[in-house]
1. Go through (1) modelled with pLDDT of 95 or more; (2) more than 16 Å from the ligand (Cβ to nearest atom); (3) within 27 Å of Asp237 (Cβ to Cβ) and name the single condition Asp345 misses.
2. Mind telling me which of the residues Ala132, Ala127, Ala151 ends up being farther than 26 Å from Thr323 by Cα, without any contact (Cβ under 8 Å) to a residue 60 or more places away in the chain and either open to solvent by less than 70 Å² (accessible area, probe 1.4 Å) or assigned to a helix (DSSP H, G or I) (or both)?
3. Mind checking which residues of region 293-314 are in contact with a Gly (Cβ under 8 Å, 6 or more places away or on another chain) and among the charged types (D, E, K, R)?
4. Go through region 291-315 and give me each residue that's out of contact with any strand residue (DSSP E or B) (no Cβ under 8 Å at 6 or more places or on another chain) and either surrounded by fewer than 23 Cβ atoms within 10 Å (Cβ to Cβ) or part of a strand (DSSP E or B) (or both).
5. Quick check on my filter: what residues within region 236-273 are in contact with a Pro (Cβ under 6 Å, 6 or more places away or on another chain) and more than 27 Å from Gln135 (Cβ to Cβ)?
6. Within region 104-112, identify whether any single residue is within 12 Å of the ligand (Cβ to nearest atom), farther than 26 Å from Ala127 by Cα and assigned to a loop (DSSP other than H, G, I, E, B), and answer yes or no.
7. For Val330, work out the one condition from (1) under 23 Å from Thr37 (Cβ atoms); (2) buried (at least 21 other Cβ atoms within 10 Å of the Cβ) it doesn't fulfil.
8. Mind listing just one residue for me: the one in region 226-259 that is open to solvent by 50 Å² or more (accessible area, probe 1.4 Å) and touching a residue at least 60 places away in the same chain (Cβ under 8 Å) and, of those, farthest from the ligand (Cβ to nearest atom)?
Amino acid sequence: MTEPMAGTVDGVPGGPSPAELRELVAAAGAAPSLHNTQPWRFRPTADGPGVLVFADPARAVPLADPDGRAMLLSVGAALFNLRVAAARLGLPVEELDLVPGPDGPDEPVAVVRFGPRGAPHEPGELAELAGAIGQRHSSREPFGNRDVPEAVIGELIEAAADEDAVLDVLEESGARRVLALTAEAEARIAADAARRAETGGWLRAEPAGRAPASGAAAGPAAGPADGIPEWALGPQDHEARVPVRDFAGRGPVHTRRFEALPQVATLATRGDTAADWLRAGQALERVWLVATTRGLRVSVLHQAVELPDTRWRLRDPDSGVGTVQVVLRVGYGPPGAATPRRSVDDLLRDPARGR
Ligand SMILES: Cc1cc2nc3c(=O)[nH]c(=O)nc-3n(C[C@H](O)[C@H](O)[C@H](O)COP(=O)(O)O)c2cc1C
């Protein structure tokens, strides 16, 4: 196959076609990321069929994420979506390298190599998750009080284990402990003016990607391609049980009653290296997509992971395997709103050739 690749990318015989490459990258770009920074970019491999996955330090959030841990976690989530899209296209992932410590932004953080089409796919029926990629959103609204069935909890735990991570779905006392730590971290972050300004910098007041108001010029609605639009934010908890991040820094001006006992889970990895952060991101997205296929909603409570002391205290004092990478709230409720995404062209642009 010698078709030329679209835009600034070069083709590789046997690799994904230009349209397929765009499909892979669009799926990857739909992943969740800290403050919707979307800190990733992609390029086809030059030496065989595959995709190079890069982190984009220009999209770092240095106060919330000084080590770039959440950035790599976000990239890991994008990488998982790319694997799902590849499975759907019948492109088997033959090799997946997580680069232990990339040397600067020009080094990929992961390399995905595809085997011959028709070769057996990755186990785990990844292709079946493809439909959930576009349905998955953060849902910051109150959930109902219906319990998640044990069988579904088992599937979520298995999804994390398949990516070499540990999902701990907490009993009441554990959930209360983790929510209290999250509330403590939220209060400390909210009291820090620099942190407030950093978070506020990723908040988008203007509607993005929406149809122009009547009377406005026709054409694609212009708007920011990243950050969190106000419409994706939820209320604060009237009872202060669920410490939803106060992105807008307004305090409890818009409150509602949340679920009485939130179902909370921690996602941990055995180590805490750059490769573990990429693993955690893949596990996060796998859990989230499986949850989506089961009608569950998910939101991330990341505040306690952002402060070293609260992060340490998140570990279960009894079993405490590994290091907690993210805290999730799961339940049944509204689906959450779609948020903007960077274009596929932007994600495939090679900064070395001019951005
Ligand atoms: C590492 C990480 C940390 C996040 N932290 C939070 C958080 O503390 N509170 C929250 O409401 N959402 C959090 N999110 C969710 C992002 O804000 C969300 O993924 C992004 O805005 C895109 O929206 P979407 O998930 O609906 O696609 C986090 C996501 C990631 C990957």
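The values are calculated or read from the model by the stated rules, or taken from the named source; none is laboratory data. Keep in mind the model is a prediction, meaning the values are calculated, not measured. Heads up, the Cβs are rebuilt from the backbone with ideal geometry, glycines too, and the neighbour counts pull from every protein chain shown. Heads up: the accessible areas ignore ligands, DNA and RNA and are worked out on the full protein's heavy atoms, side chains in. Shrake-Rupley method; radii C 1.70, N 1.55, O 1.52, S 1.80 Å.
1. Asp345 satisfies all of (1) modelled with pLDDT of 95 or more; (2) more than 16 Å from the ligand (Cβ to nearest atom); (3) within 27 Å of Asp237 (Cβ to Cβ) except (3).
2. Details: Ala132 fails: without any contact (Cβ under 8 Å) to a residue 60 or more places away in the chain; Ala151 fails: farther than 26 Å from Thr323 by Cα.
Ala127 is the lone residue from the list that is farther than 26 Å from Thr323 by Cα, without any contact (Cβ under 8 Å) to a residue 60 or more places away in the chain and either open to solvent by less than 70 Å² (accessible area, probe 1.4 Å) or assigned to a helix (DSSP H, G or I) (or both).
3. Of all residues in region 293-314, those in contact with a Gly (Cβ under 8 Å, 6 or more places away or on another chain) come to 293, 296-297, 299.
Selection gives Arg297 alone.
4. First, pick out the residues of region 291-315 that are out of contact with any strand residue (DSSP E or B) (no Cβ under 8 Å at 6 or more places or on another chain): 293-295, 303, 306-310, 312-313.
Within region 291-315, Thr293, Arg294, Gly295, Glu306, Leu307, Pro308, Asp309, Thr310, Trp312, Arg313 qualify.
5. The one that is in contact with a Pro (Cβ under 6 Å, 6 or more places away or on another chain) and more than 27 Å from Gln135 (Cβ to Cβ): Thr255.
6. In the first step, residues of region 104-112 are kept if they are within 12 Å of the ligand (Cβ to nearest atom); the result is none.
No - not one qualifying residue is present in region 104-112.
7. Single failed check for Val330: (1).
8. Arg257
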